[in-house]
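Visitor: Handing you this structure, nothing more for now.
Nothing in this text is a laboratory measurement; each read-out follows from the coordinates by a stated rule. Keep in mind it's a predicted model, so treat the numbers as computed, not measured. No Cβ is skipped: glycine too gets one built from the backbone with ideal geometry, and neighbour counts run over all protein chains shown.
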Amino acid sequence: MSKPRPEPVQVIKERRDRALDALVRGVPYIAFLGIAFDRRGDELTAILPYRETHIGNPTLPALHGGATASFLEVTAIIGLGWSILWERIESGAVDPAAIGAGRIPALPKTIDFTTDFLRTGLPRDAYARALVNRSGRRYASVHVEAWQDNRARPFAQATGHFLMPADD
């Protein structure tokens, strides 16, 4: 008896992209801000494209603090949600095809979220990545950094604590 042939890599990538898209579409505020996610393997980079409506101080001009904090919180929630979903997809506990068909996994709920504004956010695209420090059955801690032109020079960072969704 021979082993079944593995699925083509492109099929696996498309399935994972559909699962991420379903996760992101589950939060309408993400589309409102225009945030997109770039997936490379299990790593996500959030992208906040420049929009005139994101400017809070037109004199400088500078990104609005609320838009920046929202960008960081969305990045943390989707990053944490994706890490949970990725683990379940890879273990076979969740069929990614079922997610794309309308069954969206529950996302973590924010307990608290602290944002540090390190420098002025300039009128250009911003990027962010979340690092899950701890993820247990009931609680998770996530650190997020946002940068624009140079990843080594973040303009904002945040730490959030989240209540984990109940197992399906």
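Visitor: With θ set to phi - 60°, apply the Karplus curve 6.51 cos²θ - 1.76 cosθ + 1.60 along region 28-34 and write out the HN-Hα couplings as whole Hz, x wherever there is a Gly or Pro.
Guide: In residue order, the calculated couplings are x, 4, 4, 5, 4, 7, x Hz.
Visitor: Can you give the log10 of the normalised intensity I(q)/I(0) at q = 0.13 Å⁻¹, computed with Debye over equal Cα scatterers of the chain?
Guide: -0.65
Visitor: Work out the length of the dipole vector of the chain about its Cα centre, built from +1 on the beta-carbon of each Lys and Arg and -1 on the beta-carbon of each Asp and Glu, and round it to the nearest 20 debye.
Guide: With Lys and Arg at +1 and Asp and Glu at -1, about 220 debye.
Visitor: Kindly express, to the nearest 10 degrees and within the range 0 to 90, the angle between helix 9-25's C-alpha long axis and the longest C-alpha principal axis of the chain.
Guide: Result, in degrees: 50.
Visitor: Need the C-alpha centroid separation for region 7-37 versus region 123-137, integer Å.
Guide: Their Cα centres are 16 Å away from one another.
Visitor: In addition: Using each residue's phi in region 143-150, evaluate 6.51 cos²θ - 1.76 cosθ + 1.60 at θ = phi - 60° and report the 3J(HN,Hα) Karplus result to the nearest Hz, with x for Gly and Pro.
Guide: Those phi angles translate into 10, 10, 10, 10, 9, 10, 8, 9 Hz.
Visitor: Please give the FRET efficiency for residue 3 paired with residue 39, using the beta carbon to beta carbon distance and R0 = 35 Å, rounded to the nearest 0.05.
Guide: My answer for the efficiency is 0.80.
Visitor: Comparing 144, 11, 24, which has the greatest mean-square fluctuation in the GNM of the chain with Cα pairs linked when under 10 Å apart?
Guide: Ranking 144, 11, 24 by mean-square fluctuation puts 11 first.
Visitor: Fully extended, how many nm does the chain gain between residue 124 and residue 150 (0.36 nm per residue separation, minus their Cα-Cα distance)?
Guide: Additional length available on full extension: 8.1 nm.
Visitor: From the helices alone, meaning DSSP H stretches of at least four residues, give me the mean residue ellipticity at 222 nm for the chain, per-run term -39500 (n - 2.57), in deg cm²/dmol to the nearest 500.
Guide: Per the formula, -10500 deg cm²/dmol.
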